[in-house]
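The values are calculated or read from the model by the stated rules, or taken from the named source; none is laboratory data. Given the structure is predicted, the values throughout are model-derived calculations rather than measurements. Neighbour counts run over all protein chains shown; Cβ positions are idealised from the backbone, glycine included. Heavy atoms of the whole protein, side chains included, go into the accessibility calculation; ligands, DNA and RNA do not. Shrake-Rupley method; radii C 1.70, N 1.55, O 1.52, S 1.80 Å.
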Amino acid sequence: MKKTTAIVIPARLESSRFPEKMLVKVTDQHCLIQRVEHWCKMVTEHVYVATDSKKIAALFPDNAIMTSRDCLNGTERVAEAALQLTDYKNFINVQGDMIDPPIGILDDIDSMLSYYDVATVVTEMDDKSRADPNTVKCINNGEEANWFLRAPLDYGDWHLGVYGYRRRALVQYKEFDKHEPEFIESLEQLRWLTNSKKIGITWSEELCGEINTPEDLENWQLTHQN
């Protein structure tokens, strides 16, 4: 990964489906946000945690970026952090609840920013996951995203919570118009599409886990017991 690219992990403490999940112990060594940060540092030393929580920031005295409570989503939080991280041209957003981030694909995301202002990751999805409203589906043409939604479908691919942005696009994000689908679906990436911004996609075959509910964590821990 280029030295001009930073990984920023947006992390808020509040969560309606799983309160304070970022601080929940997931292994003997790490809470959730610590695990995500640890894995990202396997790729690059340029890793930052963007948060409005002093509890979370205290876990990362050397690389926490304090952001405002006004951020509506992780992309807005990364955009705020970028204003402080002036040495970087590109940013990769790895969501803080991605307990198994697909780190092998992060270099590909970085490379895609040579062609796209915004890029993200998809992977194949089984029928059970397609029927789950907690999973995000990406409708795409194999190279670019056409739409994202949560509704159960018989088609579509699994959208993973990893994004790449060029700085110039990221600083535009908060200025874009906000349209109804973004709020109905509660999906921040729809703001790009509803403002006619293309999103390039790259494919990953890595296993990836996200913690959205306490049940997700229970299932993850069961499958990762020694």
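Counting only residues 5 or more places away or on other chains, whose amide H sits under 5 Å from the amide H of Ala50 once H atoms are built in the peptide plane?
Those lying under 5 Å, H to H, from Ala50 are Ile9, Ala11, Ile65.
What part of the accessible area of the chain, given as a whole %, is carbon or sulfur when the probe is 1.4 angstrom?
Ligands and nucleic acids excluded, carbon and sulfur give 48 percent.
Output wanted: per-residue J couplings in Hz (rounded whole) for the range 131-136, from phi through Karplus 6.51 cos²θ - 1.76 cosθ + 1.60, θ = phi - 60°, x for Gly and Pro.
7, 8, x, 7, 9, 9
Take each of the peptides 101-112, 61-72, average the number of other beta-carbon atoms within 10 Å over its residues, and list them starting from the highest.
Final packing ranking: 101-112, 61-72.
For Lys198 and Arg17, compute 0.36 nm times the residue count separating them, minus their Cα-Cα distance, and round to one decimal in nm.
Value of the extension gain: 62.1 nm.
In a shell of Cβ-Cβ distance under 9 Å around Phe91, excluding Phe91 itself, what net charge do Lys and Arg (+1) and Asp and Glu (-1) give?
+3
Calculate, for the chain, the solvent-accessible area per residue in square angstrom, rolling a 1.4 angstrom probe over the heavy atoms of the protein chains.
That works out to 49 Å² per residue.
Please compare each pair in Lys174/Lys197; Lys3/Lys41; Lys21/Lys174; Lys25/Lys55 to a cut-off of 19 Å on the Cα-Cα distance and tell me which ones are over it.
Lys21/Lys174
Among (1) 21.9, 66; (2) 33.7, 114; (3) 16.3, 48, find the value of Rg and Dmax of the Cα atoms in Å that was calculated from the structure presented, and write down its label.
(3)
Determine the calculated [θ] at 222 nm for the chain from helices alone, applying -39500 (n - 2.57) to every DSSP H run no shorter than 4 residues and normalising by the residue count; nearest 500 deg cm²/dmol.
-6500 deg cm²/dmol
For Asp126 and Met42 in one chain, what is 0.36 nm times their gap in residues minus the Cα-Cα distance, to one decimal in nm?
Gain in length upon complete extension: 27.4 nm.
Separation between the Leu83 and Lys3 pseudo-spin-labels, each 7 Å from Cα along Cα→Cβ, expressed in nm?
Using points 7 Å along Cα→Cβ, the separation is 2.8 nm.
Summing +1 for each Lys or Arg and -1 for each Asp or Glu, what net charge is found among the other residues whose Cβ lies under 13 Å from the Cβ of Ile9?
Counting the neighbours of Ile9, the net charge comes to +2.
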